[in-house]
Amino acid sequence: MGFTADYLKEAGRITAELDASAIDRVVEELVKLRERRGRLFILGVGGSAANASHAVNDFRKIAAIEAYAPTDNVSELTARTNDEGWETAFAAWLTVSRLSSADLLMVFSVGGGSVERNVSVNLVRALQLAREVGAPICGIVGRDGGATAKMATACVLVPVVNSAHITPHSEAFQAVVWHLMVSHPALKAAPTAWESKESNVRR
């Protein structure tokens, strides 16, 4: 019971320490994105790639934002990795998608990408492309946020409360934060299924 109780306490601390104003700044960027009818591109690697796929669904279905994740197209992703290299796979995908200043790039990551450490350099190349074309950048990241936090227009840092659990907490709280965002009154455009069923029952 010791580990389980401690882990749950850590999650509670993270919830209490999350910067609500940082989350609201990302929400503001997403509201502006929808108003200008731009597209949301969500990038992630590993567990964060799975989160990106889930988030694309929620931003499209609940927040009415046109959204995509390059990792959802495994054929193109692996072809680009095989033929051109992993480092440029995301940037090349975004180039073909004609990423522009009307769009928004969102990064889900534990470390945020670092050329110096040679970690998630594919994210860094995508961030550099976004900067070049003038697309706003947002992120939900852990640790110090790496390149994402440095280059972002708005970024949410998942607080580190135990250095042994940076990855699981970062990836878990990506989900907490994006679910908060699509539920935010400023963004929510459609009801979620179970909540709408509950309201119908009460009637």
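The values are calculated or read from the model by the stated rules, or taken from the named source; none is laboratory data. Predicted model only: the values in this text are computed from it and were never measured. Positions of Cβ are backbone-derived with ideal geometry, glycine not excepted, and every protein chain shown enters the neighbour counts.
Before we move on, is Asn118 touching a helix residue (DSSP H, G or I) at 6+ places or on another chain (Cβ under 8 Å) and surrounded by fewer than 15 Cβ atoms within 10 Å (Cβ to Cβ)? The answer is no for Asn118.
Pairs please, first residue from the stretch 130-156 and within 17 Å of Phe90 (Cα to Cα), second anywhere and aromatic (Phe, Trp, Tyr), Cβ atoms under 9 Å, 6+ apart in sequence or on different chains. Partner pairs satisfying both residue conditions: Ala130/Phe41; Ala135/Phe41; Gly139/Phe108.
Restricting Ser75, Ser21, Ser53 to those that are without any contact (Cβ under 8 Å) to a residue 40 or more places away in the chain, part of a helix (DSSP H, G or I), more than 14 Å from the chain's Cα centre (by Cα) and under 16 Å from Val177 (Cα atoms) reduces the list to Ser21. From the list Ala102, Ala63, Ala69, Ala79, which residue is surrounded by fewer than 22 Cβ atoms within 10 Å (Cβ to Cβ), under 23 Å from Lys32 (Cβ atoms) and among the small types (Gly, Ala, Ser)? Checking each option against the conditions leaves just Ala102.
Working carefully through the options Ala67, Ala89, Ala79, Ala16, find the one that is closer than 22 Å to Asp144 by Cβ and small (Gly, Ala, Ser).
Details: Ala67 fails: closer than 22 Å to Asp144 by Cβ; Ala89 fails: closer than 22 Å to Asp144 by Cβ; Ala79 fails: closer than 22 Å to Asp144 by Cβ.
It is Ala16.
Considering only residues of the stretch 135-191 that are among the hydroxyl-bearing types (Ser, Thr, Tyr) and closer than 19 Å to Glu10 by Cα, which is surrounded by the fewest Cβ atoms within 10 Å (Cβ to Cβ)?
Taking the stretch 135-191 and keeping what is among the hydroxyl-bearing types (Ser, Thr, Tyr), we get 148, 153, 163, 167, 170, 183.
From the residues that got through so far, the ones that are closer than 19 Å to Glu10 by Cα too are 163, 167, 170.
Working: Ser163: 7, Thr167: 15, Ser170: 26.
That would be Ser163.
For the stretch 100-129, what are the residues that are small (Gly, Ala, Ser) and closer than 17 Å to Gly44 by Cβ?
Going through the stretch 100-129, the residues small (Gly, Ala, Ser) turn out to be 100-102, 109, 111-114, 120, 126.
Within the stretch 100-129, Ser109, Gly111, Gly112, Gly113, Ser114, Ser120, Ala126 qualify.
This table checks each residue for (1) at pLDDT below 95; (2) outside any helix (DSSP H, G or I); (3) surrounded by fewer than 18 Cβ atoms within 10 Å (Cβ to Cβ).
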residue: Tyr7; (1), (2), (3): no, no, yes
residue: Ile14; (1), (2), (3): no, no, no
residue: Lys32; (1), (2), (3): no, no, yes
residue: Ile42; (1), (2), (3): no, yes, no
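For the stretch 97-153, the tally of residues that are within 20 Å of Ile166 (Cα to Cα), under 14 Å from the mean Cα position of the chain (by Cα), part of a loop (DSSP other than H, G, I, E, B) and of a type outside the set (Gly, Ala, Ser) stands at 1.
Consider the stretch 152-203 and keep the residues that are out of contact with any helix residue (DSSP H, G or I) (no Cβ under 9 Å at 6 or more places or on another chain), over 28 Å from Glu66 (Cα atoms) and of a type in the set (S, T, N, Q). The one that is modelled with the lowest pLDDT is Asn200.
Suppose we filter Val160, Val119 for residues that are more than 22 Å from Arg60 (Cβ to Cβ) and touching a His at 6+ places or on another chain (Cβ under 9 Å); which single one remains? Result: Val160 is the single residue among Val160, Val119 that is more than 22 Å from Arg60 (Cβ to Cβ) and touching a His at 6+ places or on another chain (Cβ under 9 Å).
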